[in-house]
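See below for the structure under consideration.
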Amino acid sequence: QSALTQPPSASGSPGQSVTISCTGTSSDVGGYNYVSWYQQHPGKAPKFMIYEVSKRPSGVPDRFSGSKSGNTASLTVSGLQAEDEADYYCTSYAGSNNLLFGGGTKLTVL
Amino acid sequence: EVQLVQSGAEVKKPGESLKISCKDSGYSFTTYWIAWVRQMPGKGLEWMGIIYPGDSDTRYSPSFQGQVTISADKSVSTAYLQWSSLKASDTAVYFCARYITTTATFDYWGQGTLVTVSS
């Protein structure tokens, strides 16, 4: 099956907001509210940022928020900070104990 | 606190076998699923499969079924990923992560194991 579709890059200036999209199908993103987002700095393990579309685990700043409309989920980072520069990946449950990753988006803080 | 500690980097030749590990410390290893995730050089993350160490129930991504074997030994709180015959295209960083089935989320990650396959 195909990976979820994310833009390869996104950027914003410090203090601005940026939104990263994650597009799937009705069999994954659109069919379940099990979309998660992960942040990965170079050479590091991914970090869990958002789960169940819009919930934040403890310790994740409220500058990070998630949403979904139809087959597309989105991660918004508000009040951009230099440390937000990283790769971001979405995942979605796709039924039958199957999981899909997005291709990843490189976020640059200008 | 949950901590997943992976085995060190490996350099292998094509055709060789390999087994890498992911040891849990700090939580009940047998009550959560463990996932393996691949990241090829300069590329994104790919879900390979999951195992429930309590009874070794294992599920594979269709893309990795038959290519690797996932196993676990609950007596030492360790999950494994193994290859019987490595290929150059297996060169990647492999992460283990705790997988929460109720939210389809990887909440804790190991540090990653770099596997290099080269003649």
Cα coordinate range in the protein assembly as shown, projected on the principal axes (Å, largest first):
49, 37, 34
In the stretch B:55-70, which residues have a backbone nitrogen under 16 Å from the label point lying 7 Å from B:M40's Cα in the Cα-to-Cβ direction?
B:62-65, B:67-68
Can you work out ³J(HN,Hα) from phi for every residue in the stretch B:74-90, in order, using Karplus 6.51 cos²θ - 1.76 cosθ + 1.60 and θ = phi - 60°, giving whole Hz and x for Gly and Pro?
5, 5, 10, 6, 10, 9, 10, 10, 9, 10, 8, 8, 6, 10, 4, 6, 7
Note, the stretch A:47-57: 3J(HN,Hα) by Karplus (6.51, -1.76, 1.60, θ = phi - 60°), whole Hz, Gly/Pro = x, goes 10, 6, 10, 9, 9, 6, 6, 9, 8, 9, x
Cα convex hull volume per residue for chain A (Å³)
95
Segment A:K55-A:N97, extension gain: residue separation times 0.36 nm, minus the distance between their alpha carbons
13.0 nm
How much FRET efficiency would the formula 1/(1 + (r/R0)^6) give for A:S26 and B:S75, where r is the Cβ-Cβ distance and R0 is 41 Å, rounded to 0.05?
0.40
Which of the three applies to the stretch B:37-119, rounded, prolate or oblate, going by the alpha-carbon gyration tensor with a ≥ b ≥ c and a/c under 1.5 meaning rounded?
prolate
Computed on Cα atoms, the radius of gyration and Dmax of the stretch A:49-110 in angstrom are 12.6, 41
With each pseudo-label sitting 7 Å past Cα toward Cβ, what's the B:A9-B:D107 distance in nm, one decimal?
3.2
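Read the figures in this text as sums done on the coordinates, not as results from a lab. Here the structure is a predicted model, which is why all the values come from computation and not from measurement. Virtual Cβ from ideal backbone geometry, glycine too; neighbours counted across all protein chains shown.
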